[in-house]
Amino acid sequence: MSAPDSMSPLRVVGVSGALQAPSKTTVLLSAIVDAVSARVPTSPRIIEVADLGGSFAGALTREQLGAPAQQALRDIETADLLVVASPVYRASFTGLFKHLFDFVEQYALVGTPVLLAATGGGDRHALILEHQLRPLFGFFQALTLPVGVYASAADFDGYALRSPQVRARIGQAVETGLPLARKAVDQEVSLYVSNW
């Protein structure tokens, strides 16, 4: 992550782990990215793992990835703010979501702010934010923002987000996270990177 001028648009990169389109997860992700863009100037980009090409799932090394996945990785690694979301599959994020982040350079996200989000069938799946997503980005030494956003199937009408509670949660996540994100952009990343 570079340190642009404080007035430069935030490079906001959203990553959806949904395996199909349309997707409630991508709808939630887009709502969060839009909420960020409504508050500060942004240069937004949304990456959907389902769109990364047929070679993506079978790639064993980064060099085997096609051009769309290579570009997605460059965008992720140079983001000022990541917004990540996955549907809950077998009590975790989707395999393709993890597969994408398996190719991210280990120290590329040090200090990068990450806003966590997820969707699932019921409210009990909300623990994915703390028990799956936060540890993944802790490995990268990223700055996971304090408030995450979870939406269950009942919060949608088809593929439209209808829940005022989830909308309020998005507002809370963005309001509490943006000062930290802007500070992280303006802050030079420490040269000390833990590798133990």
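Taken together, Val36, Val27 contain a single residue that is surrounded by fewer than 22 Cβ atoms within 10 Å (Cβ to Cβ), under 15 Å from the mean Cα position of the chain (by Cα) and in a helix (DSSP H, G or I), which is Val27. Just to be sure before I move on: is Arg39 touching a residue at least 12 places away in the same chain (Cβ under 8 Å), of a type outside the set (Phe, Trp, Tyr) and more than 18 Å from Ala117 (Cα to Cα) in the structure I sent? Spelling it out, Arg39 is indeed touching a residue at least 12 places away in the same chain (Cβ under 8 Å), of a type outside the set (Phe, Trp, Tyr) and more than 18 Å from Ala117 (Cα to Cα).
Among the residues of region 80-99, just one is aliphatic (A, V, I, L, M), touching a strand residue (DSSP E or B) at 6+ places or on another chain (Cβ under 7 Å) and more than 19 Å from Pro44 (Cα to Cα), namely Val88. Of the residues making up region 1-12, just one is open to solvent by 10 Å² or more (accessible area, probe 1.4 Å) and modelled with pLDDT of 95 or more, namely Arg11.
Yes/no per residue for (1) surrounded by fewer than 16 Cβ atoms within 10 Å (Cβ to Cβ); (2) in contact with a Leu (Cβ under 8 Å, 6 or more places away or on another chain); (3) touching a residue at least 12 places away in the same chain (Cβ under 8 Å):
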position: Glu77; (1), (2), (3): no, yes, yes
position: Pro87; (1), (2), (3): no, yes, yes
position: Phe97; (1), (2), (3): no, no, yes
position: Val114; (1), (2), (3): no, yes, yes
position: Arg124; (1), (2), (3): yes, no, no
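Filter region 44-75 for residues that are under 14 Å from the mean Cα position of the chain (by Cα) and open to solvent by less than 10 Å² (accessible area, probe 1.4 Å) and give the result. Answer for region 44-75, where residues must be under 14 Å from the mean Cα position of the chain (by Cα) and open to solvent by less than 10 Å² (accessible area, probe 1.4 Å): Ile47, Val49, Ala72, Leu73. Counting only residues that are part of a strand (DSSP E or B) and of a type in the set (S, T, N, Q), region 99-128 holds 1 of them. Picking from residues in region 134-179 that are open to solvent by 50 Å² or more (accessible area, probe 1.4 Å) and part of a strand (DSSP E or B), the one that is farthest from Val33 (Cα to Cα) is Asp157. Would a scan of region 70-82 turn up a residue that is closer than 26 Å to Val27 by Cβ, touching a Gly at 6+ places or on another chain (Cβ under 7 Å) and either at pLDDT 95 or above or not in a helix (DSSP H, G or I) (or both)? Within region 70-82, none of the residues are closer than 26 Å to Val27 by Cβ, touching a Gly at 6+ places or on another chain (Cβ under 7 Å) and either at pLDDT 95 or above or not in a helix (DSSP H, G or I) (or both).
The values are calculated or read from the model by the stated rules, or taken from the named source; none is laboratory data. Please read all numbers here as calculations on a predicted model, not as lab measurements. Methodologically, a virtual Cβ is constructed for each residue, glycine included, from the backbone with ideal geometry; neighbour enumeration extends over all protein chains shown. We work out accessible area using only protein heavy atoms, side chains counted, and drop any ligands, DNA or RNA first. Shrake-Rupley method; radii C 1.70, N 1.55, O 1.52, S 1.80 Å.
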